[in-house]
Amino acid sequence: MKIGILAVQGAFAEHKAKLEKLGAQCIELRKREDLDGGFDGLVLPGGESTVQGKLLRELDMFQPMKEKIEVGMPVLATCAGLILLADHLSNDEHVYFGTMPVTVKRNAYGRQLGSFHTIQEMKGMGEVPMTFIRAPYIEKCEEGAEVLAEVEGNIVAVKYKEQYGLAFHPELDEDDTIHSAFLESVKKYKVLK
């Protein structure tokens, strides 16, 4: 099983280490040709969504990556990755991939000082640690988007088809539950395609 990890900016190395520990083979996606390497799942890491969106277009990676998501490739998107998937941002006019029917608020908890850690219930996964760093949250889900977790009344994790959108950083905690669930969806996708 091979996972492509967007590696143009942001916290991709931590995702790679966690997925490799769980037995996945990972390739770093840095240029257009990397998308031809044949992979079964995609990770969109935290970082700076505006910079990531700009680089994806400049490197001619945007459209082919969007097409992979649209045909059902499983995606694990954390923090900035969630912003890239959202079809609406409440406090920004940009839309990037727009493949997940959710409205997301960028930097919803404020700047770096608004960062925090908690342990909360995640639907179908039990309690998981959640680390929020300059995090967004989901203000609204449209039809088909399933809420997986809330913190203090704010939606922080959703699933739409095979796309997981998380406002937090599971790659920064010891717990492997979320990455394991993602790999399970990749296994199912591989069988079906």
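All of the numbers you see were taken from the coordinates with simple rules; none came from a lab. On a predicted model such as this, the values are computed, not experimentally measured, just so you know. Here Cβ is always computed from backbone atoms with ideal geometry, including for glycine, and neighbour counts include all displayed protein chains.
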Just need the Rg to Rh number for the range 1-99, please, alpha carbons only, Kirkwood Rh. 0.94
So who's got an amide H within less than 5 Å of the one on Ser115, skipping anything under 5 residues away but keeping other chains? H placed 1.01 Å off N, in plane. Arg134
Rounded to whole Å and ordered largest first, report the semi-axes of the equivalent ellipsoid of the range 13-64 derived from its Cα gyration tensor (root of 5λ). 21, 15, 7
Max mean-square fluctuation residue, GNM over the chain, Cα-Cα springs under 10 Å, options Val71, Val102, Val147: Val71
Scan around Arg106 for amide H atoms under 5 Å from its own, H built in the peptide plane at 1.01 Å from N, and keep only partners 5 or more places away or cross-chain. Ser90, Asn91
Where does each of Leu59, Leu6, Leu89 land when they are ranked from fewest to most other beta-carbon atoms within 10 angstrom? Leu59, Leu89, Leu6
If you wrap a convex hull around the alpha carbons of the range 108-177, what volume per residue comes out, as a whole number of Å³? 88
Non-local residues with an amide H under 5 Å from the amide H of Lys140, with H modelled 1.01 Å from N and Pro and chain starts lacking one, are Thr103
From the phi angles alone, apply the Karplus equation (6.51, -1.76, 1.60; θ = phi - 60°) to the range 90-104 and give each ³J(HN,Hα) in whole Hz, x where the residue is Gly or Pro. 6, 10, 7, 7, 6, 10, 9, 5, x, 9, 10, x, 9, 9, 10
Whole percent per 5 Å bin, from 0 to the bin with the longest distance: what is P(r) over all C-alpha pairs of the chain? 1, 8, 18, 23, 23, 16, 8, 2, 0
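Please find the FRET efficiency linking Lys2 to Glu142, where r is the Cβ-Cβ separation and R0 is fixed at 30 Å, and quote it to the nearest 0.05. Walk me through the intermediate numbers first.
Working: r = 31 Å, r/R0 = 1.04.
That gives a FRET efficiency of 0.45.
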Here Rg/Rh (Cα, Kirkwood) for the range 34-83 equals 0.94
For the chain, what does the helix formula give at 222 nm: sum of -39500 (n - 2.57) over DSSP H segments with n ≥ 4, over the residue count, nearest 500 deg cm²/dmol? -8000 deg cm²/dmol
In whole Å, how far is the Cα centre of the range 1-22 from that of the range 54-69? 18
So what are the ³J(HN,Hα) numbers for the range 11-19, from phi and the Karplus equation (6.51, -1.76, 1.60; θ = phi - 60°), rounded to whole Hz, Gly and Pro as x? 8, 7, 5, 5, 5, 4, 4, 5, 5
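Provide the percentage of antiparallel DSSP beta bridges, counting only those with both residues in the chain; round to the nearest 5.
On the way: 22 of 40 bridges.
The answer is about 55 percent antiparallel.
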